[in-house]
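The values are calculated or read from the model by the stated rules, or taken from the named source; none is laboratory data. Treat the numbers as computed from the prediction; the structure is a model and nothing was measured. Here the Cβ positions follow ideal geometry from the backbone for every residue, glycine too, while neighbour counts run over all protein chains shown. These area figures cover heavy atoms from the full protein model, side chains too; ligands, DNA and RNA do not enter into them. Shrake-Rupley method; radii C 1.70, N 1.55, O 1.52, S 1.80 Å.
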Amino acid sequence: MAIQVLNGLVYGALLFALASGLALMFGLRRIVNFAHGALYMLGAYVGYTASLQFGFWAGLAVAGLVLAALGVVLDKAVFRPLQHRDPLTTLLVTFGLALIAEDLVLSVWGNDTMSFAEPQQLAHTLSLFETTFPIYRLAIVGFGAAVAIGLVLWLRFSRVGLFVRAASHDPVIAAVQGVDTDRVSALVVAVSAALAGMSGVVAAPLMSLAPSMGADILVDSFIVVVVGGLGSLGGAFITAMLLGQINVLGVVFMPELTSLLPFLLMIGILLWKPTGLAGARL
Amino acid sequence: MNSLLAFENVESGYGNARILHGVSFVIAPGESVAILGRNGVGKSTAVNTMLGIARLFAGDVYIQGRRTTSLRHYTAARAGIAVVVQGRGILPNLTVRENLILGGAANRRGHWTLERVFELYPVLAERANSAGTALSGGQQQMLAIGRALMANPDLLVLDEPSEGLAPVIIDEMAEVLRRLSADGTAILLIEQNLTLVERVADIFHVLSKGRVVEHGRTEHTSAADLQKHIAI
Ligand SMILES: Nc1ncnc2c1ncn2[C@@H]1O[C@H](COP(=O)(O)OP(=O)(O)OP(=O)(O)O)[C@@H](O)[C@H]1O
Ligand SMILES: [Mg+2]
């Protein structure tokens, strides 16, 4: 049971790392990025390839850097032109990008399952609650916590973070004060993409690499963002943790309902609070 | 040309609708100028044109003497023209202090710092950690002016700053604006409140239906004459 709660935290941490980027991007560009799962998947593959040469940590760093650069391109080439278009256009375009990314990965890396080994330093188990638990999984919880703390410190206490919060609330007012909101957006998309890519690397040792790995976690990430309150980090954090628990505890107590539970949670919370848990943004 | 801001036959509006039909005016360093006009004549549209919010159809906008073709929202602030927008534009998700820091986003050094703004408006220092919109209307206007000063502007533009404020508070604001003007900051005051205009502006332009229909010096014009252009 306690082990299940820990596993819930592991999944919640991954969900948060992914959903926080989605929430930030929505806050700034009002864009719902259906390609976010593809960024996670790309990160895993890029990190995998780099790790074959230079090891896990280098793979993690390379995935973060490559995806950050990709994020800048994505913001300039796709999100900026799309920001005043109707949501359906954005949905179709980003969904199309996700399909292209999956195809690309298939043609570059093929369809063979590849497994990504966890770093040796963390390839141990810990005795916990009269059983054993892989240290690597605890490290993932640490990763999620580091992302949450890092983002909060960045948004609350840095000058750029202040501009991000200002632009998320009112991009025109922020820009009139002298903020180049396009550059702020490019930065936020870069950070979000890097987080997605690094989450892909971090998650990869738990499963085998597959081009579809992004699509699976994307649905849950969206639920986190919507339930948390569009654009809210705090809301996303709480919901990610909740969903992580529901996911694992559901398997234990209501196996036939597990795949439905996240949706039931979403419907329930939105009926109760239509703007999501947090209501206000950032 | 060494004006801070100049409009030359500016035609601008929103979408396909033209609101301004050839507006011209010049603001030289240190001048204090008012633009008067009734509701809906296009006063804010003039500001929005400079800010790249309204669409420029024809004519030219000169910022710091330079003809500026691509007007981005941040262009003016970075060139030393700070704007207190109509409705003040205080961000509710930022504290008073954070709103002020935001005003320094253009990175222009000069007299005005957070400390100096707090000296000018001690109440902002007392409420530094409150949400910007938790302040009273008058205090929010102080915050809006303080935020604009954080840009160390050569020209301070205020769009109907007296809107919704009590007469005593408007008096205090007039005093602050006069002091700023005396210290060399140029002021563009968009107003319907004549007391403020008479106390702050030397020059006025009257806008009507998207055109400047009259201009002059406030000292040579009676309040009754000015009133004619504003009263409905
Ligand atoms: N964003 C906008 N999109 C379309 N039309 C607009 C927009 N803003 C203003 N207008 C229209 O432009 C005209 C001029 O508006 P503007 O805000 O410039 O007037 P104003 O002189 O500032 O009035 P007020 O004293 O009420 O602030 C009005 O008819 C208004 O309806
Ligand atoms: Mg107006």
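Side notes on the structure shown:
- Being away from chain A (no Cβ under 14 Å), within 16 Å of ligand 2 (Cβ to nearest atom), open to solvent by 50 Å² or more (accessible area, probe 1.4 Å) and within 14 Å of the chain's Cα centre (by Cα) holds for only one residue in B:Glu163, B:Glu191, and it is B:Glu163.
- Of all residues in region B:50-63 being more than 9 Å from ligand 1 (Cβ to nearest atom) and farther than 16 Å from A:Gly178 by Cα, the one that is least open to solvent (accessible area, probe 1.4 Å): B:Val61
- Under the condition of being in contact (Cβ under 8 Å) with a residue 40 or more places away in the chain, surrounded by fewer than 19 Cβ atoms within 10 Å (Cβ to Cβ), at positive phi and within 12 Å of ligand 1 (Cβ to nearest atom), the residues counted in region B:14-49 number 1.
- When A:Ser185 is tested against the conditions (1) without any contact (Cβ under 8 Å) to a residue 24 or more places away in the chain; (2) more than 10 Å from chain B (Cβ to nearest Cβ); (3) open to solvent by less than 10 Å² (accessible area, probe 1.4 Å), the lone failure is (1).
- When A:Ala139, A:Ala166 are screened for being open to solvent by less than 10 Å² (accessible area, probe 1.4 Å), assigned to a helix (DSSP H, G or I) and modelled with pLDDT of 90 or more, only A:Ala166 passes.
- Given (1) modelled with pLDDT of 90 or more; (2) open to solvent by less than 10 Å² (accessible area, probe 1.4 Å), index of the condition A:Met25 fails: (1)
- Within region B:1-13, considering residues that are in a strand (DSSP E or B) and open to solvent by 30 Å² or more (accessible area, probe 1.4 Å), the one nearest to ligand 2 (Cβ to nearest atom): B:Glu11
- Unmet criterion (only one of (1) closer than 28 Å to B:Asp183 by Cα; (2) within 16 Å of ligand 1 (Cβ to nearest atom)) for B:Leu71: (1)
- Just one of the listed residues (A:Gly178, A:Gly161) is out of contact with any Lys or Arg (no Cβ under 9 Å at 6 or more places or on another chain), within 14 Å of chain B (Cβ to nearest Cβ) and without any contact (Cβ under 8 Å) to a residue 24 or more places away in the chain, and it is A:Gly161.
- Candidates A:Ala190, A:Ala145: the one that is surrounded by fewer than 17 Cβ atoms within 10 Å (Cβ to Cβ), of a type in the set (A, V, I, L, M, F, W, C) and either more than 11 Å from chain B (Cβ to nearest Cβ) or under 13 Å from the mean Cα position of the chain (by Cα) (or both) is A:Ala145.
- Among the residues of region B:81-102, those that are in contact (Cβ under 8 Å) with a residue 40 or more places away in the chain and away from ligand 1 (no atom under 16 Å from the Cβ) comprise B:Ile81, B:Ala82, B:Ile90, B:Leu91, B:Pro92, B:Val96, B:Asn99, B:Leu100, B:Ile101, B:Leu102.
- Subset tally (residues that are of a type in the set (Gly, Ala, Ser) and within 16 Å of B:Pro153 (Cα to Cα)) for region B:93-137: 5
- Condition check for B:Asn99 on (1) over 20 Å from the mean Cα position of the chain (by Cα); (2) within 14 Å of another protein chain (Cβ to nearest Cβ); (3) of a type in the set (S, T, N, Q): one failure, at (1).
- B:Ala134 vs. criteria under 17 Å from the mean Cα position of the chain (by Cα) and away from ligand 1 (no atom under 16 Å from the Cβ): no
- Some residue of region A:29-47 being basic (Lys, Arg) and assigned to a helix (DSSP H, G or I): yes
- Criterion (closer than 27 Å to B:Val41 by Cα and in contact (Cβ under 8 Å) with a residue 60 or more places away in the chain) met by exactly one of B:Leu149, B:Leu188, B:Leu165, B:Leu196: B:Leu188
- Taking the criterion of being among the hydroxyl-bearing types (Ser, Thr, Tyr) and more than 26 Å from A:Ser232 (Cβ to Cβ), the residues of region A:27-60 that qualify are A:Tyr45, A:Tyr48, A:Thr49, A:Ser51.
- Residue that is modelled with pLDDT under 95 and out of contact with any Phe, Trp or Tyr (no Cβ under 8 Å at 6 or more places or on another chain), where the choices are B:Asn39, B:Asn48: B:Asn39
- Residue that is farthest from the other protein chains (Cβ to nearest Cβ) [pool: residues in region B:64-93 that are assigned to a loop (DSSP other than H, G, I, E, B) and surrounded by fewer than 17 Cβ atoms within 10 Å (Cβ to Cβ)]: B:Gly65
- Lone unmet requirement of (1) over 22 Å from A:Asp180 (Cβ atoms); (2) in contact with a strand residue (DSSP E or B) (Cβ under 8 Å, 6 or more places away or on another chain) for B:Ala82: (1)
- Any hit, region B:65-88, residues being within 16 Å of ligand 2 (Cβ to nearest atom) and more than 23 Å from A:Ala167 (Cα to Cα): no
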